[in-house]
Amino acid sequence: RVGVEDTLALLRKAGLETLREPAEQYGLSLAIGTCQTRLVDVANAYAMLARGGVWQPWRAWESRTTSATLPGAGEVRLLSRGAAWMVNRALADPALRPPEGIDPELAGMEGVAWKTGTSSGFRDAWTFAYGNRYTVGVWVGNMDGRPRRALTGAEAAAPVALGLMQRLRKGDGARQGDAWLRTPPQEIGSAVVCQTT
């Protein structure tokens, strides 16, 4: 029901403009990210998840008073609120991967969804972290593409991305918790799938 063509179409709608090849060129490995993209485009796709499935073009500021586009301009709903909420909950679950496992200084960080990645051959590593207000993307690697065994998302990029999130949230002055993840959208329900007797 999903397939490579539909997945590729969704990624293109989410702004991954470098994906210009036909679906058969990428194949099933597209599901694990074996395609070249730009950091800013993938960060914006994660920001779409944080906005509950609503994509907006990314924008750059020259100063705090001007921006390239207005907030809300070009908005497109790509995922249902429920689908985005489920992904966000999974990527923010501290029981699966506690932030303090990356760096003890991150103990107590809650309400941050994050995903790491490492390219084949250890050429580079990345991490995206986001919450209800900020999205951070970090790429780590050698500019000439030389591989290094230490270039993994969890060891090289995650401490930087999560550290930046922690600093951004502290600078807010407001308590940043997991409230944006606690209450599911109305379209999410529960059902017994397998009941033991």
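The values are calculated or read from the model by the stated rules, or taken from the named source; none is laboratory data. Not measured: the values here are computed from a predicted model. Glycine also receives a Cβ, built like all others from the backbone with ideal geometry; neighbour counts cover every protein chain displayed. To get the accessible areas, we keep the full protein, side chains included, count just its heavy atoms, and leave off ligands, DNA and RNA. Shrake-Rupley method; radii C 1.70, N 1.55, O 1.52, S 1.80 Å.
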Inset, instruction - Taking the Cα centre of the chain as origin, work out the dipole magnitude from +1 charges on Lys and Arg Cβ and -1 charges on Asp and Glu Cβ, in debye rounded to 20. - result: 280 debye
Legend entry - Length-normalised contact order of the range 95-197 in % [C-alpha pairs under 8 Å, at least 6 apart]: 26 percent
Inset, instruction - Sort all Cα-Cα distances of the range 70-149 into consecutive 10 angstrom bins from zero, then give the percent of pairs in each bin up to the one containing the longest distance. - result: 15, 36, 31, 17, 1
Legend entry - Kirkwood hydrodynamic radius of the chain, Cα pairs, Å: 18.3 Å
Inset, instruction - Take the solvent-accessible surface of the protein heavy atoms, probe 1.4 Å, and return the percent of it on the chain that carbon and sulfur atoms account for. - result: 53 percent
Legend entry - Residue (of Gly137, Met109, Val160) at the positive-pole extreme of the range 10-161, dipole from beta-carbon charges: Gly137
